[in-house]
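None of the figures in this text is laboratory data; all of them are computed from the coordinates on show. The model shown is predicted, which means the values in this text are computed figures rather than measured ones. Using ideal geometry, Cβ is built from the backbone for each residue, glycine included, and neighbour counts are taken over all protein chains shown.
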Amino acid sequence: MSAPGLSDLSDRLDRVIEAGAAGQTAWLARLASFDSTRGKEGPCQAWLAGEFEQRGWNVDSFAISEVDIAGKPGASAVVDVDYDKAIQVVATAGTEGGKGRSLILQGHIDVVPTGAPELWERDPFTPVVKEGRMYGRGVNDMKVGVTAMVHALDALASLGYAPDAPVFVETVSEEECTGNGALATLERGYRADAAFIPESLEHKLLRAELGSVWFRARILGKPGHVMAFDAAANANLAAYEYVQDLIALTAEINVEAQEHPWFGHIDDPVKFSLGKIHGGDWLGCVPSWCEIECRLSVLPGQPLPEVRARVTERLNATADRLGTAHPEVTWIGFQADGHVFEPGTEAEAALARCHGEVMGNALESFSQTATSDTRQYDLYYGIPTLCYGGTGGGSHSPQEYTDLKSMKDTTRIIALFIADWCGLRPIKGKEEK
Ligand SMILES: [Zn+2]
């Protein structure tokens with residue numbers, strides 16, 4: 001059997017993906033029914049491992065604690081988290097020793113916490129389909145991408161084809177806080193000629209992305225009775241001063257960003273977020289301590305040590321102004337570089353062909369003001385990495401949804417990409433007549 005042309009294969013894939021659409025939607029709903037927030041990934045990963053085994057793929061399921069990632073480029077700080085429970089799954093599909101180029105298909109299954117329950121119209125982990133959209137925590141970011149990459153291989157198999165090279169199907173955690181899940185797969189030895197991460201990106205290619213740093217500042221006041229206090233004495237009130245100064249630092253970095261080759265066209269790309277705050281013990285006492293936990297974006301090219309030094313200097317300057325001790329600063333999660341996926345790779349050319357075939361237009365790229373796992377493969381391990389996927393909205397909010405028509409398009413595009421990048425070989429006895 002000779003290799004099919006792109007157009008012909010695209011039409012046949014369209015038919016099998018359409019025929020399997022209800023099953024694929026049910027599979028996404030099952031995946032999205034797992035509460036796979038940090039520390040709870042295990043049952044979701046066990047279900048996926050079972051699904052992969054049923055497909056005849058060789059499954060490696062392991063905890064991050066089994067891999068030595070400390071001090072490796074791309075490693076992020078971890079505080080108060082049990083990495084024995086941070087399960088990663090890598091399934092090997094495709095053909096060992098085939099003639100094509102190998103590929104990593106990667107998606108994260110960790111989801112962000114649901115937040116205030118009053119803001120949800122429905123249970124976050126009971127996905128609902130309405131007017132061509134599925135709603136629920138994690139459906140768009142990015143369980144739909146995981147569903148598309150698995151069903152892309154299924155669609156090829158139902159046409160009687162297997163990739164003619166190893167394809168590593170990786171479902172990782174820790175994407176939303178460190179990137180250490182992706183790093184653990186790389187350090188465990190899984191490498192390939194290209195990687196593909198189907199994050200929901202409106203059918204555009206990620207050209208550049210920001211990194212981020214997460215930190216905690218422990219602010220001490222000058223405690224006493226509440227009848228005698230000022231802003232510096234009250235650690236909770238002092239926190240406002242620190243936060244205002246960090247917002248001012250962010251504004252300064254955003255002025256510098258106006259000159260950035262990949263982010264200069266975006267207004268204020270660098271975001272500061274005060275994510276958590278807690279302090280004080282007793283209402284009759286001026287609070288003696290307050291801890292703020294914050295996130296700050298990092299531009300591609302900004303060295304992380306420099307960013308951390310600027311944050312620390314600014315916090316110390318606030319303390320000096322208030323006449324209090326310098327706060328203790330701890331780096332508690334993402335220590336992620338910004339990253340640019342340089343134009344001109346063969347992987348991008350292949351994606352452009354497959355995108356054009358399905359979407360009928362030219363592939364566009366864009367600069368994203370958030371962080372993904374892409375840097376782990378592309379920046380630190382030299383694996384050209386495409387971050388590209390379908391349409392949805394409301395990620396990280398109670399309105400999160402994904403578009404099911406777009407899921408089918410993404411599935412077909414990934415299947416075509418596998419054919420283009422890895423080549424195909426017939427599965428014995430399964431050729432479609
Ligand atoms: Zn994501």
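Straight-line reach from LYS271: taking Cα to Cα under 27 Å and skipping same-chain neighbours fewer than 8 places apart, the lysines in range are LYS72, LYS143, LYS204.
Modelled label positions at ASN361 and GLU96, each set 7 Å beyond Cα in the direction of Cβ, lie 4.5 nm from each other. Between the amide H of GLY392 and those of GLU202, ASP403, distances stay under 5 Å, these residues lying 5 or more places away or on another chain, with hydrogens modeled in the peptide plane. Normalised by 2.2 N^0.38 Å, where N is the number of residues, the C-alpha radius of gyration of region 262-310 stands at 1.71. Computed from the C-beta positions of SER7 and ARG55 and an R0 of 35 Å, the FRET efficiency is 0.80 to the nearest 0.05. Partners of LYS405 within straight-line reach, counting aspartates and glutamates whose Cα lies under 20 Å from its Cα and excluding those fewer than 8 residues away in the same chain: ASP11, ASP14, GLU18, GLU131, ASP141, ASP154, GLU199, GLU202, GLU357, GLU364.
Under 5 Å between amide hydrogens, built in the peptide plane, is the criterion, and for TRP289 it picks out GLY221, ALA235, GLY280 among residues at least 5 positions away or on other chains. The gain in end-to-end length when the ASP267 to ALA309 segment is fully stretched comes to 12.7 nm, 0.36 nm per residue minus the alpha carbon separation. Derived scalar couplings between HN and Hα for region 135-150 equal 10, x, 5, x, 4, 8, 10, 9, 5, 5, x, 4, 4, 5, 5, 5 Hz in order, rounded to whole Hz, by the Karplus curve 6.51 cos²θ - 1.76 cosθ + 1.60 (θ = phi - 60°), x for Gly and Pro.
Counting neighbouring Cβ atoms within 10 Å and putting the fewest first, the residues LYS143, LYS99 line up as LYS99, LYS143. Net charge in the neighbourhood of LEU183 (other residues with Cβ under 9 Å of its Cβ; Lys, Arg +1, Asp, Glu -1) is -2. Computed 3J(HN,Hα) for region 158-171, one whole-Hz value per residue from the Karplus formula 6.51 cos²θ - 1.76 cosθ + 1.60 where θ = phi - 60°, is 6, 8, x, 10, 10, x, 8, 6, x, 10, 9, 9, 10, 10, glycine and proline marked x.
Each residue of region 234-240 was assigned a 3J(HN,Hα) from its phi angle through the Karplus curve 6.51 cos²θ - 1.76 cosθ + 1.60 (θ = phi - 60°); the sequence is 8, 4, 5, 6, 4, 4, 4 Hz, with glycine and proline shown as x. What would the Debye formula give as log10 I(q)/I(0) at q = 0.16 Å⁻¹ for the alpha-carbon point model of region 211-336, no solvent? Treating every Cα as an identical point scatterer, log10 I(q)/I(0) equals -0.75. The length gained on full extension between LEU119 and ALA21, counted as 0.36 nm times the residue separation minus their Cα-Cα distance, comes to 32.2 nm. A straight chain from LYS276 to ASP320 at 0.36 nm per residue would run longer than the Cα-Cα distance by 13.5 nm.
Contact order for the chain, expressed relative to its length and based on alpha carbon pairs under 8 Å spaced 6+ residues apart, stands at 26 percent.
The aspartates and glutamates within cross-link reach of LYS99, meaning a Cα-to-Cα straight distance under 12 Å and a gap of 8 or more places when in the same chain, are ASP164. Separation of region 361-390 and region 261-301, taken as the distance between their Cα centroids, equals 26 angstrom.
Remark on LEU205: its backbone amide H falls under 5 Å from those of GLU364, SER365, PHE366, a criterion applied only to residues 5 or more positions apart or on other chains, H modelled at 1.01 Å from N. The listed peptides 72-85, 295-308, 144-157, ordered by packing as a protection proxy, come out as 144-157, 295-308, 72-85 (highest mean of other Cβ atoms within 10 Å first). The simple Förster model, with R0 at 35 Å and r as the Cβ-Cβ distance, assigns ILE247 and GLN399 a FRET efficiency of 0.85.
With R₀ fixed at 60 Å, the C-beta to C-beta distance from ASP80 to GLU346 puts the FRET efficiency at about 0.90.
In the elastic network of the chain, a GNM with C-alpha springs shorter than 10 Å, the most mobile of ILE197, ILE109, ILE253 is ILE253.
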